[in-house]
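Report on the following structure.
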Amino acid sequence: MVLLDRKNKVIGLNTVSVGSLTASICHPREVFKAAILANAAAVILGHNHPSGDPQPSQEDRVLTARLAAAGQLLGIEVLDHIIVGDGTEHFFSFADVGMLHKERE
């Protein structure tokens with residue numbers, strides 16, 4: 001997770017969870033703990049898919065929506081959630097496909 005200030009300047013990095021080959025445990029309280037302690041205004045989330053396919057699973061979609069809602073409640077905006085696959089050009093961005101910030105539309 002990348003922690004950002006009001007001007008979207010990076011103020012910190014935080015590893016929330018290290019998963020296994022097929023899963024990782026991630027709860028909003030662990031995600032936002034570091035952001036709250038750092039007085040972050042926004043965060044960018046990210047994780048990798050060891051399979052190489054960056055397409056989000058149903059669990060990724062549900063978790064991202066839950067984290068965005070928790071961030072909105074806390075006043076810490078989730079700017080993006082990026083999933084990295086195989087190589088530098090294989091990634092998925094929830095923000096790029098409009099799956100974040102639906103309240104702005």
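Since every read-out is calculated from the coordinates, none of them should be taken as a lab result. All of these numbers come straight from a predicted model, not from anything done at the bench. Cβ sites come from the backbone with ideal geometry, for glycine too, and all protein chains shown count toward neighbours.
Compute the helix-to-body angle for 28-37: its Cα long axis versus the longest principal axis of the chain, expressed 0 to 90° and rounded to tens.
Compared with the principal axis, the helix lies near 40 degrees.
Helix 58-74 against the longest principal axis of the chain: what's the angle in degrees, Cα atoms only, rounded to the nearest 10?
The helix 58-74 is inclined about 10 degrees to the chain.
Tell me, what is the FRET efficiency for THR15 and VAL97 to the nearest 0.05, using R0 = 25 angstrom and their Cβ-Cβ distance as r?
It comes to 0.45.
Going by average Cβ neighbours within 10 Å, how do the peptides 78-85, 7-14, 65-72 rank, with the highest at the top? Display every interim value, and only then the final one.
Values: 78-85: 20.0, 7-14: 11.9, 65-72: 17.1.
Final packing ranking: 78-85, 65-72, 7-14.
Go ahead and estimate [θ] at 222 nm for the chain from helices alone: -39,500 (n - 2.57) per DSSP H run with n ≥ 4, summed, over the residue count, rounded to 500.
Value at 222 nm, helices only, nearest 500: -8000 deg cm²/dmol.
Rounded to the nearest 0.05, what FRET efficiency is calculated for SER51 and ARG6 with R0 set to 41 Å and r the Cβ-Cβ distance?
So the FRET efficiency works out to roughly 0.65.
Please state the equivalent ellipsoid semi-axes for the chain: what are the square roots of 5 times the Cα gyration tensor eigenvalues, largest first, in whole Å?
The answer is 21, 16, 13 Å, longest axis first.
Measuring from label point to label point, each 7 Å out along Cα→Cβ, what is the ARG66 to GLU30 span in nm?
1.2
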